[in-house]
Amino acid sequence: MEDKKVTGEEIVRIAEKYLGIPYKWGGSHSDGIDCSHLVWRVYEEAGLSYSYTQTKDFDSLDGRDFKEVISPQEGDVVLFKKHIGIYTRGDIISAQSGAKKVKLGKISWFSNFVGYYRHIKVADEE
């Protein structure tokens, strides 16, 4: 029997619940959260566990239950050298220190783009 795949839309719905939560470096709860903890918690709530690693250590997510993809879809991870978020409709949901909260932003606001990554248990869009 094959494992049920999670949809990208489910991941985005979970991420949207965090919009407006205050940004806090190293934070991992609703009283304050940083970008890497936000992505980790959203994926955990979706039932997609992976080993938490500080964003500053990310050069790639390949081999960590993720695969790099060229064309992003809803719920994919958007990775930068010092930032991470969740892709939605051409934008990114992320915990942003400059905005002091979790918000929807433009991917172009961030520099040092690394790539788009999809968890191996997220269904590819048809």
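Report yes if Tyr50 is of a type outside the set (A, V, I, L, M, F, W, C) and part of a loop (DSSP other than H, G, I, E, B), otherwise no.
Here the answer is yes, as Tyr50 does meet what is asked.
Looking at the structure I just gave you, is Tyr43 touching a helix residue (DSSP H, G or I) at 6+ places or on another chain (Cβ under 9 Å), buried (at least 21 other Cβ atoms within 10 Å of the Cβ), modelled with pLDDT of 95 or more and within 21 Å of Val6 (Cα to Cα)?
The answer is no for Tyr43.
Can you find a residue in region 60-68 that is modelled with pLDDT under 95 and hydroxyl-bearing (Ser, Thr, Tyr)?
yes
Residues of region 97-113 being modelled with pLDDT under 90 and in contact with a helix residue (DSSP H, G or I) (Cβ under 9 Å, 6 or more places away or on another chain), which ones?
Of everything in region 97-113, those that are modelled with pLDDT under 90 and in contact with a helix residue (DSSP H, G or I) (Cβ under 9 Å, 6 or more places away or on another chain) turn out to be Ser97, Gly98.
For a quick check of your reading of the model, give me the residue pairs whose first member lies in region 89-102 and is touching a residue at least 12 places away in the same chain (Cβ under 8 Å) and under 17 Å from Trp40 (Cα atoms), whose second is crowded, with 21+ Cβ neighbours inside 10 Å and of a type in the set (D, E, K, R), with beta-carbon atoms closer than 7 Å and at least 6 apart or on different chains.
Cβ pairs passing all conditions: Ala95/Asp34.
What do you reckon, is Gly75 at pLDDT 95 or above, of a type outside the set (Asp, Glu) and on the phi > 0 side of the Ramachandran plot?
Judged against the criteria, Gly75 is a match.
When region 76-109 is examined, which residues are found to be within 19 Å of Ile21 (Cβ to Cβ) and in a loop (DSSP other than H, G, I, E, B)?
Ser97, Gly98, Ala99, Lys100
The values are calculated or read from the model by the stated rules, or taken from the named source; none is laboratory data. Worth saying up front: this structure is predicted, and the values here are computed from it rather than measured. Positions of Cβ are generated from backbone atoms using ideal geometry, with glycine treated the same way; all protein chains shown enter the neighbour counts.
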